[in-house]
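Undergrad: Pasting in a structure now, in structure tokens, and then I'll have a few things to ask.
Laboratory data are not the source of any read-out in this text; all were calculated from the coordinates shown. Only a predicted model underlies this, so the values are computations on that prediction, with no experimental measurement involved. Cβ coordinates were reconstructed from backbone atoms using ideal geometry, including for glycine residues, and neighbour counts include every protein chain displayed.
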Amino acid sequence: MTKKIMIVDDDPAITKYLDALFTDNGYETCVADDGKKAMDVFKENAPDLITLDLEMPEEWGPRFFRKLSKMAGFNTPVIVISGLSGRKYSIPKAEAFFSKPFDTEELLKAVQNVLTG
């Protein structure tokens with residue numbers, strides 16, 4: 001069964017790139033351009049992994065993550081991909097943290113490790 005990755009990022013260039021990257025590597029994707037819309041996309045798609053930007057309009061990644069964490073049975077792994085420097089804004093329990101610009105091969109390795117491990 002194909003694994004589904006939810007991409008949450010407000011930068012259309014990043015979402016388009018990640019969508020193509022993950023699709024080309026055999027994953028299904030779904031996309032949300034801010035934390036507010038992401039909740040609906042999450043509920044509709046039940047992804048196996050979330051890549052999450054931290055700083056977005058409407059609702060930042062950490063707030064979206066806090067809401068997800070309160071849902072019964074939530075255990076979807078998260079990989080943070082953010083332009084914010086440092087980890088002080090990072091998501092607790094994130095599987096990995098990548099700063100933009102990120103290394104594509106390293107990101108793919110992290111995704112594969114999370115989804116197969």
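Undergrad: In what order do Glu106, Glu95 fall by count of nearby beta-carbon atoms within 10 Å, going from fewest to most?
TA: Lowest count first: Glu106, Glu95.
Undergrad: Which of the trypsin sites (Lys or Arg not before Pro) across segment 34-117 are loop residues per DSSP, with 16 or fewer other Cβ within 10 Å?
TA: Lys70, Arg87, Lys88, Lys93
Undergrad: Report the local net charge at Asn25: Lys and Arg +1, Asp and Glu -1, summed over other residues whose C-beta lies under 12 Å from its C-beta.
TA: -2
Undergrad: A further question follows. Search the structure for amide H atoms under 5 Å from the amide H of Gly83, placed 1.01 Å from N in the peptide plane, and list their residues when 5 or more places away or on another chain.
TA: Here the answer is Leu54, Glu55, Lys100, since their amide H atoms fall under 5 Å of that of Gly83.
Undergrad: Next up: What is segment 4-116's relative contact order, in percent, from Cα pairs under 8 angstrom and six or more apart in sequence?
TA: Here the relative contact order equals 22 percent.
Undergrad: Taking H as built 1.01 Å from N, whose amide H comes closer than 5 Å to the amide H of Ala96, not counting residues under 5 places away?
TA: Residues meeting the amide H criterion: Val80.
Undergrad: When only alpha-carbon atoms are used, what values of Rg and Dmax, in angstrom, describe segment 2-59?
TA: 10.6, 31
Undergrad: Let me ask you something else. So if each residue of separation counts as 0.36 nm, and I subtract the Cα-Cα distance between Ser69 and Thr104, what length gain in nm does that give?
TA: Gain on stretching Ser69 to Thr104: 9.8 nm.
Undergrad: Can you give me the distance in nm between label points at Gln112 and Glu44, each placed 7 Å from the Cα along the Cα-to-Cβ direction?
TA: Rounded to a tenth, the inter-label distance reads 3.1 nm.
Undergrad: I would also like to ask the following. Provide the descending list of Cα extents for the chain along its principal axes, expressed in whole angstroms.
TA: Principal-axis extents of the Cα atoms in the chain, largest first: 31, 30, 26 Å.
Undergrad: So what is the 222 nm mean residue ellipticity for the chain from helices alone, if each DSSP H run of at least 4 adds -39500 (n - 2.57) and you divide by all residues, rounding to the nearest 500 deg cm²/dmol?
TA: Taking each H run of at least 4 residues, the total per residue is -12000 deg cm²/dmol.
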